[in-house]
Amino acid sequence: RSVILKEKQVVEQNLEEVIFDYLHDVAYQGTALQRTILGTEENIKSITRNDLVNYVATHYTGDRMVIAAAGGVNHDEICKLTEKSFTSIKPNSKFDVSSLGSFNFTGSQVLIRDDLIPNVHAVVAFQGVSWQHPDYFTFLILQSIVGSWDRNLGGGNNLSSRLAEVIATEGLAQSFSAFNTCYNNTGLFGNYFVTDSDHLEDCFYEVMYEWQRIGKRGLMEGELELAKTKVKSAILMQLDGSSNIAEDIGRNFIALGRRIEPLEVFKRIDAVTEADVYRVQDEYLYDTDPAVAAIGPVKNIPDYNTIRGWTYWNRI
């Protein structure tokens, strides 16, 4: 318990972790995804040995586990070691996943004003898709188009992302990063950024405008192909080393029920067209309620209705 409490203290000092906890709190109100990973201090202190034993017995079962190996391994030997080490594990879990209920997305806003914090940490997100959804790779490409930027990195305004160029040129933020977070049957797609109070409204506007620029058929020549190349490069870099490959295999089996080889991934990425990007933008990011969270000196943050309005009137 003391280790978890110390970890909780460390996490609460990381404002990026904190702001995403607030985002899930407002985006998934009344659902299991609303809860933080570590839980409340009260719950942590009340954990007993029986709680841990029951949790392991319920969730650490054969149908919820994957044994993955990569590199110079012998398949038969891995199978023997698996049988030796895991035969005592129950084959199936009795946990009813449907008991968790639905994971409905709620567009809403939470603001935590703290003028002692030098910068505002803000995030705006829309409902995304799951790992298995046909539009998963389209969202990855859309994330790549929006991009990311940090003033501490080289490149300045000489980057492929239009949003990065605008923010770097006008000095609107310290950093920003588009994200695509996927779960079993839902997801979050959005942008996290750090800025000062004086540029907060302008930064919000540019972040919202970038999505609508893309939505009003505003992709520049070669922008889609460049985004595809960046996604492919990121995927290959994640497979650098046996441990990363084994992790990728395990993640694929848990989320999709099979391994998706890089060649298949590349084919799916290449199959995404401009029409797909525009369709996804229209379906998920146009004229809809976003989830907004911000912490810091937030006095200059736009009204939620203004942010909501920027999901459609920038198209005009």
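The values are calculated or read from the model by the stated rules, or taken from the named source; none is laboratory data. Note that this is a predicted model, so its numbers are computed, not measured. Positions of Cβ are backbone-derived with ideal geometry, glycine not excepted, and every protein chain shown enters the neighbour counts. These area figures cover heavy atoms from the full protein model, side chains too; ligands, DNA and RNA do not enter into them. Shrake-Rupley method; radii C 1.70, N 1.55, O 1.52, S 1.80 Å.
Residues are listed down the side, and each one gets a yes or a no for (1) touching a strand residue (DSSP E or B) at 6+ places or on another chain (Cβ under 6 Å); (2) in a strand (DSSP E or B); (3) more than 21 Å from Ser175 (Cα to Cα):
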{"position": "Gly72", "(1), (2), (3)": "no, no, yes"}
{"position": "Ser88", "(1), (2), (3)": "no, no, yes"}
{"position": "Ser99", "(1), (2), (3)": "no, no, yes"}
{"position": "Pro118", "(1), (2), (3)": "no, no, no"}
{"position": "Phe126", "(1), (2), (3)": "yes, yes, no"}
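Out of Glu223, Glu210, which single residue is surrounded by 15 or more Cβ atoms within 10 Å (Cβ to Cβ), within 14 Å of Ala125 (Cα to Cα) and among the acidic types (Asp, Glu)? Before the answer, list the steps.
Values: Glu223 fails: within 14 Å of Ala125 (Cα to Cα).
The match here is Glu210.
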For this session: Being assigned to a helix (DSSP H, G or I) and surrounded by fewer than 19 Cβ atoms within 10 Å (Cβ to Cβ) is the filter here, so list the residues in the range 279-298 that pass it.
Result: Arg279, Asp282, Glu283
For this session: Could you grab me the full set of residues in the range 33-55 that are surrounded by fewer than 11 Cβ atoms within 10 Å (Cβ to Cβ), at pLDDT 90 or above and hydrophobic (A, V, I, L, M, F, W, C)?
Result: Leu52, Val53
Exercise. Quick one: how many residues across the range 134-175 are open to solvent by less than 40 Å² (accessible area, probe 1.4 Å) and in a strand (DSSP E or B)?
Worked result: 2
Seminar exercise, completed: Among residues of the range 66-94 being open to solvent by less than 70 Å² (accessible area, probe 1.4 Å) and not small (Gly, Ala, Ser), the residue nearest to Ile245 (Cα to Cα) is Val66
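I need the full set of residues from the range 1-32 which are in a helix (DSSP H, G or I), among the β-branched types (Val, Ile, Thr) and open to solvent by less than 90 Å² (accessible area, probe 1.4 Å), in order please. If you could, list the steps in order and put the result at the bottom.
Residues of the range 1-32 in a helix (DSSP H, G or I): 2-12, 15-27, 32.
Now restrict to residues that are among the β-branched types (Val, Ile, Thr): 3-4, 10-11, 18-19, 26.
Ile4, Val11, Val18, Ile19, Val26 - these are the residues of the range 1-32 that are in a helix (DSSP H, G or I), among the β-branched types (Val, Ile, Thr) and open to solvent by less than 90 Å² (accessible area, probe 1.4 Å).
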Seminar exercise, completed: Turns out the helices (runs of 4 or more DSSP H) fully within the range 176-262 with at least 3 residues that are free of Cβ contacts under 8 Å to residues at least 24 places away in the same chain and closer than 27 Å to Asp21 by Cα are 242-256
